[in-house]
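Chemist: Just passing along the structure, written as structure tokens.
The values are calculated or read from the model by the stated rules, or taken from the named source; none is laboratory data. Being a predicted model, the structure only gives us computed values, none of them experimental. FYI the Cβ positions are ideal-geometry reconstructions off the backbone, even for glycines, and counts take in every protein chain you see.
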Amino acid sequence: MSPVRRCSRTACGRPAVATLTYVYADSTAVLGPLATYAEPHCYDLCSEHSERLTAPRGWEVVRLATDSGPVVPSGDDLEALANAVREAARPQRGPGSGGTRDIDPQEVARRGHLRVLRSPES
């Protein structure tokens, strides 16, 4: 099996560059960058078919910006990754150890390694 995803259109063998998703409740077709992995209810399209895409009468087409260049992680991405690694490496204290983790005053809730933080405006 080829690691390159192909266009979903019949008889088109070109590599896919965009993913098409239908939002039936809003009568909208959303065309965006190629999804990370193939979804059963989405369609991968090559550049030619994504440029010529039209929607049924009464429907709206939303075209999300696609970057043709290589993806470069931003500073926020790298900082979030570093924080996640630090959090995962922090020793866990069990219920019988008498101690708890330091709780951030901005933290509202926690689920596993994810935290919900209070908005800075409040």
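Chemist: If you go through region 3-54, how many residues are assigned to a loop (DSSP other than H, G, I, E, B) and of a type in the set (A, V, I, L, M, F, W, C)?
Modeler: Looking only at that region, the number is 11.
Chemist: Of everything in region 42-84, what is surrounded by 10 or more Cβ atoms within 10 Å (Cβ to Cβ), modelled with pLDDT of 75 or more and of a type in the set (V, I, T)? Give them in sequence order.
Modeler: If the condition is that a residue be surrounded by 10 or more Cβ atoms within 10 Å (Cβ to Cβ), modelled with pLDDT of 75 or more and of a type in the set (V, I, T), then V61, V62 are the ones that fit.
Chemist: Could you please find all residues in region 22-34 being among the aliphatic types (A, V, I, L, M) and either crowded, with 16+ Cβ neighbours inside 10 Å or touching a Phe, Trp or Tyr at 6+ places or on another chain (Cβ under 8 Å) (or both)?
Modeler: Matches in region 22-34: A29, V30, L31, L34.
Chemist: Pull up region 1-21, narrow it to residues that are of a type in the set (V, I, T) and farther than 14 Å from L64 by Cα, then point me to the one that is surrounded by the most Cβ atoms within 10 Å (Cβ to Cβ).
Modeler: The residue in question is V4.
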